[in-house]
2 protein chains.
Amino acid sequence: MKIAVDAMGGDYAPVETVKGAVEASRELGLEIILVGDETRIKEELSQHDTGNNTVSVIHAPEVIEMGEAPAAALRKKKNSSVAVAARLVKEGAAEAMVSAGNTGAAMGAALLGLGRIKGIHRPAIASVLPTVKGRSLFLDVGANAECDPQNLLQFAVMGDIYSKKILGVPAPRIGLLNIGEEETKGNPLYMEAYKLLKESELNFIGNVEGRDITGGAADVIVCDGFVGNVVLKFGEGLAKDLLSMLKEEFKKNVFVKIGAALVFSQAKGLRKKIDYTESGGAPLLGVNGVAVISHGSSQARAIKNAIRVAGECVEMNVVNCIKESILENPNGDDDSANG
Amino acid sequence: MKIAVDAMGGDYAPVETVKGAVEASRELGLEIILVGDETRIKEELSQHDTGNNTVSVIHAPEVIEMGEAPAAALRKKKNSSVAVAARLVKEGAAEAMVSAGNTGAAMGAALLGLGRIKGIHRPAIASVLPTVKGRSLFLDVGANAECDPQNLLQFAVMGDIYSKKILGVPAPRIGLLNIGEEETKGNPLYMEAYKLLKESELNFIGNVEGRDITGGAADVIVCDGFVGNVVLKFGEGLAKDLLSMLKEEFKKNVFVKIGAALVFSQAKGLRKKIDYTESGGAPLLGVNGVAVISHGSSQARAIKNAIRVAGECVEMNVVNCIKESILENPNGDDDSANG
């Protein structure tokens, strides 16, 4: 299986992207195509023992920077690393793409290059969140700042499949993020989405409040991309700031400091649990191919895990499962536009 | 100064509400009117040394329970403790009301009883969030599940005043919660609100992303009540679950367990920092009077602090300051409806 990796995307590219790709190739037995500045990539590759690993390079002369406006950048830079990676998937030269670069550009490249699955109105970015009980899939976390109720239903359908196929949950409990448990809570978007979800074949468990997310109240939590993005980033900031405040507090007393050092050195399990690098990137669900978007600050480990996730999506045939599920869904077949 | 306290509102009412009111009376020198079941309240009062404190009781025969639908309950129970508390403020028998009961009912009672400030389209619930740098005011956290750009501007105007008068910030930095820093980010609601804020006289610093909230990126963070409610509750859940996950992790090794016990016993400063009971309830800004809504799970300490906040709002004349500010604001005078 071949995975195209945007070698130039991300804060630590190409150093960490190449390192992560080499590790993925070695540990996961996947064939990796590194896309980007050939000279820079080969320079990085020479730092690693690639031995029997199957890592190849495809040159792409341009790079879309983190701060660039995605749409304009994609129009201008037809041969950017992320656009070429998407093209490789479209042309069948690779089976999935992974990028840790500019999220909007990665999404745009995937959408333009691969098109939407027939019947899917809006693709969504799904993020795997650590919870007290394990993990939950949370979507949309930023692809759509504005949604209609139908979009939220489709996010649930796609999340259901991803949760089953990739996270191994047999009958995912689908929750709708809302400001109260009752059916009548929220704004018209969420009230209407509640009705659609209730009428669907999904294992819909009703509304889930913000405070229940990390408790693992649902296996799939659906919301619009504005709320999802704010919540995801807020969680990232809060977890970071809370732990650093805790550490600051501990420094105030030398005995406590020793205790804290002991504690934190042992808390690897928790760190692993709340570490986004473990979940390995967020799939863009609803495009006609596998595209995994990794955090901009991804280092090798996160890149490797994003590649792993991409490989699993290909292996489990997630795209076809979504296609079939949308065909079966009476609400999903009123749009045949694609791309 | 007289503060009417809904003695029957909250998970631990009237035990903790009465206790908190007695403490507020003793420590803050405020005159408290406890509103609710006279017999029950007097029973509780007899447990405390009220000495020279000025705590009086006004009987209200009905209670709106936490799970009741607010609008219907307010229509049916005209003499509920929360409705009577609002009426006391309206009639001038008290200068502020405090309730830890059903949030929707407290909001509705305040709105029906006190009416809106002329020019304010929608009152908002403001919450004080702890940050790495101190604290930020975050609104709306749930009064309005649907907003227009004008509402968000008015939330900013009210937040600005509250931040100056109550939190002591001389020139509050106003941020708009959004999914990116650029002016063009977000959905039409947020893009239009950005323009209004930019044109205003406020010290608007632009968009603030979810990850910057706890870092203290702005003194006042404005958003619609759907997003604000989800974020606030998510933060509550995450902080709780993260600390409990940390404790679980520590239990796995006996030495670490000892270290952790030492650490947690010393981390009082942090606990105080992230403890909502310290911030003492959220003011409902935009109603024509002082109304402070406290968390449903408030115990005496939180009630006392909510009463303190209510007292400060009266003392600092927050309601009149909002009135003046809205009159000066050209966008705020196109609605003279009230109540």
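The values are calculated or read from the model by the stated rules, or taken from the named source; none is laboratory data. Nothing here was measured: the structure is a model prediction, and the numbers come from that model. In this analysis, Cβ positions are derived from the backbone assuming ideal geometry, glycine residues included, and neighbour counts consider all displayed protein chains.
In the set B:SER325, B:SER244, B:SER265, B:SER297, which member is among the hydroxyl-bearing types (Ser, Thr, Tyr) and modelled with pLDDT under 75? Spell out the reasoning first.
Values: B:SER325 fails: modelled with pLDDT under 75; B:SER244 fails: modelled with pLDDT under 75; B:SER297 fails: modelled with pLDDT under 75.
The conditions single out B:SER265.
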Pairing a residue in region A:239-254 that is within 16 Å of B:MET245 (Cα to Cα) with any residue that is among the β-branched types (Val, Ile, Thr) and at pLDDT below 75, where Cβ atoms lie under 7 Å and the two sit 6 or more apart in sequence or on different chains, gives A:ALA239/A:ILE274
Just a yes or no: is a residue in region A:97-105 touching a Pro at 6+ places or on another chain (Cβ under 8 Å) and not assigned by TED's automatic domain parsing to the domain that holds A:ILE3? no
Of all residues in region A:106-115 being under 9 Å from A:GLY289 (Cα atoms) and within 17 Å of the chain's Cα centre (by Cα), the one that is surrounded by the most Cβ atoms within 10 Å (Cβ to Cβ): A:ALA110
Of the residues in region B:149-202, those that are within 12 Å of chain A (Cβ to nearest Cβ), surrounded by fewer than 23 Cβ atoms within 10 Å (Cβ to Cβ) and not in a loop (DSSP other than H, G, I, E, B) come to B:PRO188, B:LEU189, B:MET191
Given the conditions (1) modelled with pLDDT under 95; (2) more than 18 Å from the chain's Cα centre (by Cα); (3) of a type in the set (D, E, K, R), and given that A:GLU146 satisfies all but one, which numbered condition is not satisfied? (1)
Test set (1) outside any strand (DSSP E or B); (2) surrounded by 22 or more Cβ atoms within 10 Å (Cβ to Cβ); (3) more than 9 Å from every other protein chain (Cβ to nearest Cβ) - A:VAL231 fails condition number: (3)
Please work out which one of (1) touching a residue at least 60 places away in the same chain (Cβ under 8 Å); (2) surrounded by 22 or more Cβ atoms within 10 Å (Cβ to Cβ); (3) touching a helix residue (DSSP H, G or I) at 6+ places or on another chain (Cβ under 8 Å); (4) within 14 Å of another protein chain (Cβ to nearest Cβ) is the condition A:PRO123 fails and give its number. (4)
Right, B:PHE226: facing chain A (nearest Cβ under 8 Å), under 22 Å from B:ASN144 (Cβ atoms) and modelled with pLDDT of 95 or more or not? yes
Residue that is acidic (Asp, Glu) and within 14 Å of chain A (Cβ to nearest Cβ), where the choices are B:ASP219, B:ASP140: B:ASP140
Going through region B:54-107 one residue at a time, which ones are of a type in the set (S, T, N, Q), without any contact (Cβ under 8 Å) to a residue 60 or more places away in the chain and in a loop (DSSP other than H, G, I, E, B)? B:THR54, B:ASN79
Give all pairs with beta carbons closer than 6 Å in which a residue from region B:137-163 that is more than 27 Å from A:LEU189 (Cα to Cα) meets a residue that is among the acidic types (Asp, Glu) and at pLDDT 95 or above; count only pairs at least 6 apart in sequence or on separate chains. B:SER163/B:ASP219
Being part of a loop (DSSP other than H, G, I, E, B) and crowded, with 24+ Cβ neighbours inside 10 Å: is that true of B:ALA218 here? yes
May I ask you to verify whether A:MET97 is surrounded by 20 or more Cβ atoms within 10 Å (Cβ to Cβ), modelled with pLDDT of 95 or more and within 17 Å of the chain's Cα centre (by Cα)? yes
